[in-house]
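Some notes on the structure that comes next.
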Amino acid sequence: MDNILLWVTAVGAVATAIATIGLVVVAHKTLGGAKDQLTLLREQAEQERRPYVVADIVPGLHGPGSTDLVLQNLGRSTARGVLVDIGQLSKRNDTDHISDPLRRYLRNPRTLVPGARHRVMWHDVGNPETGRAASGVSDTVPARITYTDDNGTEYSETNELGIEDMTSVSPVPTTGPRVLGSNSELADIDHALRAIAGHVGELRR
């Protein structure tokens with residue numbers, strides 16, 4: 001009888017040990033899964049908090065034939081030391097009023113708070129009637145954007161910036177009919193109203 005009790009006790013002890021080991025294994029896996037989940041949530045939170053600077057080419061505010069560069073921080077924290085590298089950029093001709101100022105703008109580190117948006121001239125086709133040649137960047141170029149967050153973490157994105165496909169399908173706001181006649185006051189009013197109509201139209205696109 002004593003042997004049977006000892007055997008039952010031993011079996012019970014072994015079963016308890018096995019069950020305990022099983023619980024430890026399950027707990028370890030559960031904790032491991034929770035740790036992985038916490039790591040994923042932490043990485044996701046960091047991604048949501050980071051700055052995110054993007055560059056895009058849009059129809060220019062100077063009217064048909066012009067394009068602008070828009071630099072914007074779409075993230076939730078401040079982007080510091082923002083630089084845009086598009087390679088070599090030099091003045092194309094004597095009437096090029098864009099290339100030199102644009103080069104200085106791109107090479108000067110700047111700070112963009114969340115939601116900040118800069119818009120600068122990128123290209124102008126010129127005016128053959130007045131002899132004004134094209135200005136700015138006409139080719140498609142790779143643009144490398146670099147910046148850091150408040151903790152010094154560095155970020156870098158590269159994308160292509162070009163005007164060829166965009167300018168051919170960009171809508172242009174109308175400025176209304178012209179006033180005919182030689183009255184200078186009416187001509188001035190006509191010019192002012194057309195300018196206002198053009199600017200309002202540009203702001204809507």
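Can you name the residue in segment 40-69 that is in a helix (DSSP H, G or I) and at pLDDT 65 or above and, of all such residues, is surrounded by the most Cβ atoms within 10 Å (Cβ to Cβ)? I'd like the intermediate steps shown before the answer.
Step one: of segment 40-69, the residues in a helix (DSSP H, G or I) are 40-49.
Filter once more, so that each one left must be at pLDDT 65 or above: 48-49.
Values: GLU48: 11, ARG49: 13.
Residue satisfying both the conditions and the ranking: ARG49.
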Residues that are surrounded by fewer than 15 Cβ atoms within 10 Å (Cβ to Cβ) and assigned to a helix (DSSP H, G or I), drawn from segment 102-135: ARG104, ARG107
Identity of the residue in segment 73-101, touching a Pro at 6+ places or on another chain (Cβ under 7 Å) and farther than 16 Å from ALA143 by Cα, that ends up surrounded by the most Cβ atoms within 10 Å (Cβ to Cβ): ALA79
Collect the residues in segment 139-167 that are touching a residue at least 40 places away in the same chain (Cβ under 8 Å) and in a loop (DSSP other than H, G, I, E, B), keeping them in residue-number order. ASP149, ASP150, THR153, GLY162, ILE163
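The values are calculated or read from the model by the stated rules, or taken from the named source; none is laboratory data. Given the structure is predicted, the values throughout are model-derived calculations rather than measurements. Note that each Cβ is placed from the backbone with ideal geometry, even for glycine, and that neighbours are counted across all protein chains shown.
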